[in-house]
1. For region 291-309, which positions are of a type outside the set (A, V, I, L, M) and over 18 Å from LYS82 (Cβ atoms)?
2. Name the pairs whose Cβ atoms lie under 7 Å apart, with the first residue in region 49-63 and without any contact (Cβ under 8 Å) to a residue 60 or more places away in the chain, the second in a helix (DSSP H, G or I), and 6 or more positions between them or separate chains?
3. Just for helices (runs of 4 or more DSSP H) wholly inside region 274-358: which have at least 2 residues that are out of contact with any Lys or Arg (no Cβ under 7 Å at 6 or more places or on another chain) and either of a type in the set (Lys, Arg) or under 27 Å from TYR142 (Cα atoms) (or both)?
4. What number of residues within region 153-182 are closer than 19 Å to LEU98 by Cβ and buried (at least 16 other Cβ atoms within 10 Å of the Cβ)?
5. Starting from region 87-101, keep only residues that are closer than 20 Å to VAL147 by Cα, then list their pairs with residues that are of a type in the set (Ser, Thr, Tyr) whose Cβ atoms are within a distance under 6 Å, requiring at least 6 positions of separation or different chains.
6. Search region 17-42 for residues being without any contact (Cβ under 8 Å) to a residue 60 or more places away in the chain and within 23 Å of GLY77 (Cβ to Cβ), and hand back the single one that is surrounded by the fewest Cβ atoms within 10 Å (Cβ to Cβ).
7. Mind telling me which of the residues LEU64, LEU104 ends up being over 25 Å from PHE319 (Cβ atoms) and at pLDDT 95 or above?
Amino acid sequence: MPKDGEIVTMGERTSLKQEIQVVNMYKGIAIIAVVLLHIFSSIKPSPYRIESQFSMYIIFFDQLLRFSVPLFIALSGFALTKKYKDRFNIREFFSRRLFKLLPLYFMWTFFFIIVLWFVPQWKPDREYFSLFEKVFWGRADYQLYFVPMIFQLYLLFPVLLFLLKKNLTVFLLITFGLQLIVLGFIELVKRELIDTTFLITDQQQYILATTWIFYFCFGMLLALGDQLKNKVFSFCMIALCLSSFGFVHFEAITNVQQQIDPIIALRFTRFSVLLFALTSIALGLLHLSQIHQIVPVLFRKWLDFIGRQSYLIFLSHTFFLRIIFSSIEGDFTVIQTFFYLIVFGFLIFVSLKVEKVL
C-alpha cells in the first residue's frame, strides 16, 4: 500500500487491483469449500460411515477441502497487514472491524435463535447453550463460531503487528508455539490421556483464537514475504503440500475405520491439517500475480463476486441448506419450502442493504 505523499504509477495501481481480485477469488474458493463440507455433513444417512459405499470418496474430498477455514483466517491477516503495515490507526481499525462484522452477525444470530426454536426438525441435537453463549460465542448455529473467533484475532492484531515488525523470530516462535501447544492439548484430550471436558468438542476447539492463531500470523508474514518468492521455496511448498495431504487423508481414513466419530476424526484441529493448510496458503498467497494471469477472465469474475459476498454466504448458508434438505427428506411440504425460501430471500435482501449502508 502506498504511503501518504507517494506517487502511485499506473502499473502499481493495476498490480494492486489484481492482488485484491485474487484475494477475493481465494475467499470465493474458501467459502465454496466450506459450503461443500456442510453439504457432506447434512446428507443422511451419513456418507462418512465406513460401511457407506461413498465413504472413501467423501473423506478424500472432505480432507482436501480442509484448507478452507485456515485460508479465510490467513487472508484476514494478509489483507490487514498489507493495509496497516505502514500506518496503523487503532481507532479506525476497530471501528471498521466492528461495523463490518457485528451488525450482520447479530442479525443472523437472533434469526437462528428464533427459527431453530420454531422449527422442531431443526432443533440442534446437542447440549443446551445459554442466550449469552448463543449471542456472544457463536452458539446460535454451528458455523457462527467464526465471528467471535476472528474478532479475538482482531483484538490481538495491534500487538501482533508490532511484534512482527519488531522481532520476526519472537513473532514466529510465540505464535507457532502457541498453536502447537493447543493442538497438542487437543490431541491428548482426544486420546483420553487428559481427563477433562475442556476442548473435547470441535465447537469448543474452534471458538478459541489460539486454535487458529498461526494461520492468521502466517498470512501477516506472507504480506511482507516477497523474499520468499523463489522457485526453490515454491518447489518445497508443493512437495510438502502433496505429502502432507497424503498423511491427512491416511490419518482420516484410519480414524474412521477405528469407529471414531467423523466430526472428531476429520476435524481441522490436527497436526497434519496444520501442515497441509500452511503449505496450501503459502502457494496461494506467494503467487497472486501468476494466479491472476492463468485463471480465465469469466472464472475470475465469478470467484471475485462470490468472494466479495463470502461473509454473507458464511452466515446464511446453513439456513438455506436446512430448507433444501428438509424438502428432500420429506420433512417440509412444498408450501413450507417456498415459505422458508421467501424468508431466506428477504433476509439476504436486508443483509445486502445493511452491507451497503455500512
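The values are calculated or read from the model by the stated rules, or taken from the named source; none is laboratory data. These figures come from a predicted structure and were not determined experimentally. Glycine also receives a Cβ, built like all others from the backbone with ideal geometry; neighbour counts cover every protein chain displayed.
1. At the first step, the residues of region 291-309 found to be of a type outside the set (A, V, I, L, M) are 292-293, 296, 299-302, 304-305, 307-309.
Within region 291-309, GLN293, PRO296, PHE299, ARG300, LYS301, TRP302, PHE305, GLN309 meet the criteria.
2. ILE58/PHE40
3. Numbers: elements: 288-294, 297-308, 310-328, 334-357.
Correct list: 297-308, 310-328, 334-357.
4. Initially, region 153-182 is screened for residues closer than 19 Å to LEU98 by Cβ, giving 153-161.
After this cut, where a residue has to be buried (at least 16 other Cβ atoms within 10 Å of the Cβ) as well, the list is 153-154, 156-157, 160-161.
Residues meeting the conditions: 6.
5. If the second residue must be of a type in the set (Ser, Thr, Tyr), the pairs left are ARG97/TYR154.
6. LYS17
7. Details: LEU104 fails: over 25 Å from PHE319 (Cβ atoms).
Just one listed residue meets the conditions, LEU64.
Condition check ((1) surrounded by fewer than 17 Cβ atoms within 10 Å (Cβ to Cβ); (2) in contact (Cβ under 8 Å) with a residue 24 or more places away in the chain; (3) part of a loop (DSSP other than H, G, I, E, B)) across all residues:
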site: GLU192; (1), (2), (3): yes, no, yes
site: THR210; (1), (2), (3): no, yes, no
site: PHE214; (1), (2), (3): no, yes, no
site: MET220; (1), (2), (3): no, yes, no
site: SER234; (1), (2), (3): yes, yes, no
